[in-house]
Amino acid sequence: MKSILDFARAKREEQPIAVLTAYDALMARLLEASEVDAILVGDSAAMVVHGFPSTVHATVEMMSVHTAAVRRGAPTMVVIADMPFLSVRQGRDAAVRAAGALMQAGATAVKIEGVTGHEDIIAHLVESGIPVMGHLGLTPQSVHQLGGHRLQGRTIEAAERLKAEAQTLEKLGAFSLVLECVPAALAAEISAALTIPTIGIGAGAATDGQVLVLADLLGLDAVFRPRFARRYLDGHTVTLEAVNAFVRDVRAARFPAREEVLA
């Protein structure tokens with residue numbers, strides 16, 4: 001994908017969209033060379049990179065640094081940056097400044113969790129030329145209010161609310177929508193009703209695309225193993241074995257070898 005317009009084209013052509021997270025130039029460079037469609041600079045960086053217990057610790061400054069690094073590593077890709085905790089709840093001016101900072105750092109678009117209570121801000125950002133991706137279902141920035149990381153939209157009332165919010169996001173001009181941890185049947189219904197594409201995470205196979213955290217895909221965390229995240233590599237074991245092999249070579253005076261010494 002070269003622009004956000006490709007999201008709509010992919011939905012029209014029934015071509016599933018593949019999105020992965022990245023937080024630094026090295027991983028972004030790897031994704032630039034891959035077949036992935038877009039990069040999400042998620043506020044999950046607060047947890048994956050900085051070790052915080054939740055995404056609420058992400059700040060505009062933190063997200064700007066990571067977005068700029070990803071853009072340097074992936075200069076031609078669609079890069080979507082998360083608007084961090086409360087950045088859209090402090091008034092229009094603050095939201096515009098936050099979104100502007102992420103765009104100036106290199107984002108192609110911003111992602112905003114939820115819609116109720118900040119409809120006017122989403123509309124204003126879109127009208128100002130800032131592409132917006134929505135995010136409904138399990139919205140990690142509201143995890144305390146939601147009572148933890150739980151499946152959303154399980155009751156009839158909750159499902160109807162999610163369907164209405166998805167329609168609202170489309171009307172406000174969002175170019176796509178993440179559905180996180182909602183029942184597969186509900187995600188399928190929402191996806192079929194919208195003209196904009198849905199990107200699922202823990203929302204079944206009937207969404208218009210899927211997103212995963214790259215560290216989960218690579219299996220880098222031996223402890224955190226969400227059910228919806230398929231491991232394509234046991235990265236933790238592979239990396240640990242490589243590190244220990246280096247240590248053994250150093251202690252046995254096998255590294256550096258003669259050809260690795262600078263004369």
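Here the chain exposes an accessible surface that is 57 percent carbon and sulfur, computed with a 1.4 Å probe and the other protein chains kept in place. The angle between the Cα long axis of helix 156-172 and the main principal axis of the chain comes to about 90°, on a 0 to 90 degree scale. Using a/c under 1.5 as the rounded threshold, could you call region 1-86 rounded, prolate or oblate? The axes a ≥ b ≥ c are square roots of the C-alpha gyration tensor eigenvalues, and prolate needs a/b larger than b/c, oblate otherwise. Prolate, since a/c reaches 1.5 and a/b exceeds b/c. Inter-label distance, Arg225 to Gln15: 3.6 nm, where each label sits 7 Å from its Cα along the C-beta direction. For region 115-263, the Cα-based Rg and Dmax, in that order, read 22.1, 72 Å. Does anyone have the angle between helix 60-73 and the longest principal axis of the chain? Alpha-carbon axes, 0 to 90°, nearest 10? So the helix axis and the longest Cα principal axis differ by about 60 degrees. Counting Lys and Arg as +1 and Asp and Glu as -1 over every other residue whose Cβ lies under 13 Å from the Cβ of Arg254, the net charge comes to 0. Alpha-carbon geometry of the chain: the Rg and the Dmax are 19.8, 72 Å, given in that order. The mean sequence distance of close C-alpha pairs (under 8 Å, at least 6 residues apart), as a share of the length of region 1-100, puts its relative contact order at 30 percent. Backbone amide hydrogens, once placed in the peptide plane, bring Leu40 within less than 5 Å of Leu20, Thr21, Ala22, Ile80, excluding anything fewer than 5 places away on its chain. The alpha-carbon of Lys2 sits under 16 angstrom from the alpha-carbons of these lysines, leaving out residues fewer than 8 places away in its chain: Lys11. Each Lys and Arg contributes +1 and each Asp and Glu -1, all at the Cβ; summed about the Cα centre of region 8-165, the dipole is approximately 80 debye.
Summarising the strand pairing of the chain, around 0 percent of its internal DSSP beta bridges are antiparallel.
Note: relative contact order over the chain, using C-alpha pairs below 8 Å and six or more positions apart, is 16 percent. Expressed in units of 2.2 N^0.38 Å, where N is the residue count, the Cα radius of gyration of region 145-207 is 1.04. Candidate cross-link partners of Lys171 among the aspartates and glutamates, defined by an alpha-carbon separation under 12 Å and a same-chain spacing of 8 or more, comprise Glu119, Asp120.
In this simple spin-label approximation, Tyr232 and Arg248 carry label points 7 Å from Cα along the Cα→Cβ vector, and these lie 2.9 nm apart. The Cβ shell under 11 Å around Arg72 holds other residues with a net charge of 0, Lys and Arg each +1, Asp and Glu each -1. Among 35-42, 201-208, 256-263, 3-10, sorting by the average number of other beta carbon atoms lying within 10 angstrom of each residue, highest first, gives 35-42, 201-208, 3-10, 256-263.
The values are calculated or read from the model by the stated rules, or taken from the named source; none is laboratory data. Keep in mind that this is a model prediction, so the values were computed, not measured. In this analysis, Cβ positions are derived from the backbone assuming ideal geometry, glycine residues included, and neighbour counts consider all displayed protein chains. Please note that ligands, DNA and RNA were not included when accessible areas were found on the heavy atoms of the full protein model with its side chains. Shrake-Rupley method; radii C 1.70, N 1.55, O 1.52, S 1.80 Å.
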